[in-house]
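The values are calculated or read from the model by the stated rules, or taken from the named source; none is laboratory data. Since the model is a prediction, treat every value here as computed from it, not as a measurement. For neighbour counting, all protein chains shown are included, and Cβ atoms are generated from backbone atoms with ideal geometry for every residue, glycine included. For accessibility, only protein heavy atoms count, side chains too; no ligands or nucleic acids. Shrake-Rupley method; radii C 1.70, N 1.55, O 1.52, S 1.80 Å.
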Amino acid sequence: MNTKDLKCFQAVYEEKSISRAARRLFITPQGLSKNIRQLEEELHAALFVRTAQGMAPTESGRFLYERSGRVVHQLEEIENGLRQLEQRRERLRIGCANGVLNLLPLRVILAFGEEHPELRLEWREYPNDQVKKKLLDSEIEYGFVIGDWDEEMVKARKITGCRICLLVYEGHPLYDRERVRLSWLEGERLAVMNESFRLYHDFTSLCAVQGVKPVIAAKTADGAGLYRLCSQKAGLAVAPEFFREEFRMDGVRALPFEEDLRWEIYGMSKKEAAGYENIRLFDRYLKENL
């Protein structure tokens, strides 16, 4: 039994059809049927019966499906870990949470690649939680995430950070303040980064804990969008302080929160991989250059 056979089984179970499952997997129905038969022979159990409505799972099929997701994940993690181990001197895959490269310049990562041409450097942006998952699944070797992570399998350290501010347009009652309180945002129209960013979840969770109910009037994936919405008086905007350096801030002020809200970047790798050559070199480079 391998991941390929189990994924074929899962597709048929979910689609209730050999032909639809085959299209989903980009294989022929004949090939898919053969895989299912081989899996049934290996397990000595019938997994499906054909009905007028399609492929119906047997009791054994339901039993296998309930456990197959965990098995597939574990097998893929083993495969990824072995591949990572074999390529630890040849490749370094880096995952960056959305927004990280605004404060951690990409040139830092690229300069490491130039300094170590023997390593094939790969990097990509993902939502914050997806970086964590890919790190645990050994799909990347190093991750930059927003906020600390209490995970026993991971070694983490703070890289850099900044304050979270409230962008306020001229003419708003808060414009002349030096700082703002979260409680003052009750009922205020706000522009925030969307759900792909850790900032959205941290901010809305903190509001809920403190019983504050702001009005989320707009969500964006672009810092410029936050500034534009605020300058056009569509609402106040919650943003990391570094955004202030990118715009002229005409008629807009960035006010820190009295609660000292922070936006912090952490670098992470799996503890079991800390001694790998690629991770060791990258970690040392970060300590020397940041």
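Taking Cα atoms only, the orientation of helix 277-289 departs from the longest principal axis of the chain by about 0 degrees. Per residue, the accessible area of the range 18-94 comes to 66 Å², computed with a 1.4 Å probe over protein heavy atoms only. Taking the helices alone, the chain has a mean residue ellipticity at 222 nm of -13000 deg cm²/dmol, built from -39,500 (n - 2.57) per DSSP H run of at least 4 residues and averaged over all its residues.
Averaging the sequence gap over all C-alpha pairs within less than 8 Å and six or more residues apart, then dividing by the number of residues, gives the chain a relative contact order of 20 percent. Sorting the Cα pairs of the range 47-182 by distance into bins of 5 Å, from 0 upward, gives 2, 8, 12, 13, 13, 11, 8, 8, 8, 6, 5, 4, 2, 1, 0 percent per bin. Of the listed residues 193, 1, the order by accessible area with a 1.4 Å probe, largest first, is 1, 193.
Charges only on Cβ, +1 for Lys and Arg, -1 for Asp and Glu: so what's the dipole of the chain about the Cα centre, in debye to the nearest 20?
600
One Cα centroid belongs to the range 216-268, the other to the range 17-46; the line between them spans 52 Å.
If I compute solvent accessible area with a 1.4 Å probe over the protein chains, what percent of it on the range 195-290 is carbon and sulfur?
Carbon and sulfur atoms account for 44 percent of the accessible area of the range 195-290.
When the pairs 155/219; 7/134; 132/213; 16/133; 158/270; 132/219 are compared against a 26 Å limit on Cα-Cα distance, 155/219; 132/213; 16/133 fall above it.
Projecting the Cα atoms of 227, 197, 256 onto the charge dipole of the range 194-277, computed from C-beta unit charges around the Cα centre, puts 227 farthest toward the positive end. Placing +1 on each Lys and Arg Cβ and -1 on each Asp and Glu Cβ, with no other charges, gives the range 1-137 a dipole about its Cα centre of roughly 360 debye.
Projecting the Cα positions of 278, 211, 39 onto the charge dipole of the chain (unit charges on Cβ atoms of Lys, Arg, Asp and Glu, taken about the Cα centre) puts 39 furthest along the positive direction. From the coordinates of this entry, P(r) over Cα pairs in 5 Å bins from 0, in percent is computed, and it appears in (1) 1, 5, 10, 12, 11, 9, 9, 10, 10, 9, 6, 4, 2, 1, 0, 0; (2) 1, 5, 11, 15, 17, 16, 14, 9, 6, 3, 1, 0, 0, 0; (3) 1, 6, 14, 18, 20, 18, 13, 7, 2, 0, 0 under the label (1). Considering only alpha-carbon pairs that sit under 8 angstrom and 6 or more positions apart, the relative contact order computed for the range 38-177 is 21 percent. For the range 128-199, averaging the sequence separation of C-alpha pairs within contact (under 8 Å, six or more residues apart) and dividing by the residue count gives a relative contact order of 27 percent. Using the Cβ-Cβ distance between residue 87 and residue 241 with R0 set to 25 Å, the FRET efficiency works out to roughly 0.05.
Rounded to the nearest 20 debye, the dipole magnitude of the range 192-290 is 180 debye, with +1 charges on Lys and Arg beta carbons, -1 on Asp and Glu beta carbons, and the Cα centre as origin.
Available extension along the chain between residue 27 and residue 44 is 3.7 nm, counting 0.36 nm per residue and deducting the alpha carbon span. Take 159-168, 74-83 and order them by the average number of nearby Cβ atoms within 10 Å per residue, most first; the result is 159-168, 74-83. When the square roots of the Cα gyration tensor eigenvalues are ordered a ≥ b ≥ c, the ratio a/c for the range 217-290 is 1.5 or more and a/b exceeds b/c, which makes its shape prolate.
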